[in-house]
Amino acid sequence: MPRLPRLAGVTAVTLALGLLATAPAVGGEPSVSAPRVIAHFDFAKGQTPENIALEPDGSADLTFAFARKVANVTRRGDTRIVATLPAVANPGTPILGAAVVTGIARADDGTLYVNYATGTRRTGIWRLARHGGAPRQIAELPADGFPNGLALDERRGVLYAADSVLGTVWRVSLKDGTRTAWATGTALDPGTGPDASGFGVNGLRFHHGAVWVSNSDAGTVLRIPVREDGSAGPLRTRATGLTGIDDFGFVERHRDTVLAALFGSSEVVRIAPDGRRSVVLTADDGLSNPTAVAVRGRSAYVTSASYLDQDDPNLLLARVHQRDRD
């Protein structure tokens, strides 16, 4: 989630983002086709889809950031509200000043976990039980931070949360909610220049034994291996020059191929394991400031929050051709 303009009473300076310079497509890399917007949302009601978790039936669980809601959207576009996070009196969320729901992760048993940024003690990770009921906070994160991307490692029983303001990846125990500053450093920090959004580490995925993150201000994708003892290994930069990157997803059957949402230019780019990239979706396909990508099989889901355009927050579904002959 980059810096936003006025929304639901929140005033912030509009972030000016440049276009991404792309490289030619890599031979044998997956392509994306047949994009269609399957659901449109109401910007005035705060229905700004921020992040995605996929259900076994192909439906998508989305966080509506400013509405403080979690919604389930079917492949036909039918939408129902799953939960609403509690209102916070006088929220002091860094950068935004409003309480927002950001990252989402799903456990195998259907339990959902979401990040909630409020600027109060309610900032942290909340659990939504599969059978319903009120959301419950399971971990408190620093009130002066901004928890954003979220991922689950069920084998170790931990969640990883990207803190965009504090430049930290938190590791949180599912057992007791204890938190550890698992990874820190300048590569995760927000920028400091006049054009910086204030958002550093942003999107986060747990993939093949490593935590992968994006840094919005730096325009990078980074990989942090998880050692056998659970500690963070050496951070490696896997891609650069990704102006305005938000969240991203991995293409199955292509080990480290990424589809990444570029917020400012309203594009999704494919990033090959060697770092080369090409645009696969644009505003002409229906994107409006995209925030997240999730891929399962031959389907790619993209959320557009329309924070800058303010005209068409939506969910887009496209086909992923795993190989050139698919």
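The values are calculated or read from the model by the stated rules, or taken from the named source; none is laboratory data. If you're wondering where the values come from, they're calculated on a predicted model, not measured in any experiment. A quick note on method: Cβ atoms are made from the backbone with ideal geometry, for glycine too, and the neighbour counts reach across all protein chains shown.
Numbers for the structure displayed
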read-out: Number of the exception - Gly132 against (1) modelled with pLDDT of 95 or more; (2) assigned to a loop (DSSP other than H, G, I, E, B); value: (1)
read-out: Hits in the stretch 127-153 - residues which are more than 18 Å from Leu85 (Cα to Cα), surrounded by 14 or more Cβ atoms within 10 Å (Cβ to Cβ) and among the charged types (D, E, K, R); value: Asp153
read-out: Verdict on Asp217 being crowded, with 23+ Cβ neighbours inside 10 Å, among the charged types (D, E, K, R), farther than 27 Å from Arg270 by Cβ and under 19 Å from the mean Cα position of the chain (by Cα); value: no
read-out: Some residue of the stretch 225-243 being within 17 Å of Glu50 (Cβ to Cβ), assigned to a strand (DSSP E or B) and either modelled with pLDDT of 95 or more or touching a Cys at 6+ places or on another chain (Cβ under 7 Å) (or both); value: no
read-out: Among residues of the stretch 253-300, those that are among the aromatic types (Phe, Trp, Tyr) and in a strand (DSSP E or B), counted; value: 0
read-out: Criterion violated by Thr84 - all others in (1) within 26 Å of Ser304 (Cβ to Cβ); (2) surrounded by 18 or more Cβ atoms within 10 Å (Cβ to Cβ); (3) more than 18 Å from the chain's Cα centre (by Cα) satisfied; value: (2)
read-out: Residue count for the stretch 272-299, restricted to those that are surrounded by 15 or more Cβ atoms within 10 Å (Cβ to Cβ), of a type in the set (D, E, K, R) and touching a residue at least 60 places away in the same chain (Cβ under 8 Å); value: 4
read-out: Every pair of residues 6+ apart whose Cβ atoms lie under 9 Å, when the first sits in the stretch 58-83 and is in contact (Cβ under 8 Å) with a residue 40 or more places away in the chain and within 14 Å of Arg127 (Cα to Cα) while the second is among the basic types (Lys, Arg) and surrounded by fewer than 22 Cβ atoms within 10 Å (Cβ to Cβ); value: Asp61/Arg106; Thr63/Lys69; Val82/Lys69; Ala83/Lys69
read-out: Among (1) within 22 Å of Thr111 (Cα to Cα); (2) assigned to a strand (DSSP E or B); (3) not acidic (Asp, Glu), the one test that Trp212 misses; value: (1)
read-out: Set Leu235, Leu316, Leu242: member being closer than 21 Å to Thr74 by Cβ, in contact with a Leu (Cβ under 9 Å, 6 or more places away or on another chain), of a type outside the set (S, T, N, Q) and surrounded by 16 or more Cβ atoms within 10 Å (Cβ to Cβ); value: Leu316
read-out: Matching residues in the stretch 87-126 - criterion: being of a type outside the set (A, V, I, L, M), crowded, with 18+ Cβ neighbours inside 10 Å and more than 23 Å from Leu315 (Cα to Cα); value: Pro91, Thr93, Pro94, Thr118, Gly119, Arg122, Thr123, Gly124, Trp126
read-out: Qualifying positions in the stretch 91-145 - among the aliphatic types (A, V, I, L, M), touching a residue at least 24 places away in the same chain (Cβ under 8 Å) and under 17 Å from Leu159 (Cβ atoms); value: Val101, Ile104, Ala105, Ala107, Leu112, Val114, Ala117, Ile125, Leu128, Ile138, Ala139, Leu141
read-out: Members of the stretch 35-68 that are of a type in the set (Phe, Trp, Tyr) and part of a loop (DSSP other than H, G, I, E, B); value: Phe41, Phe66
read-out: Conditions (1) crowded, with 22+ Cβ neighbours inside 10 Å; (2) closer than 21 Å to Leu204 by Cα; number of the one not met by Val73; value: (2)
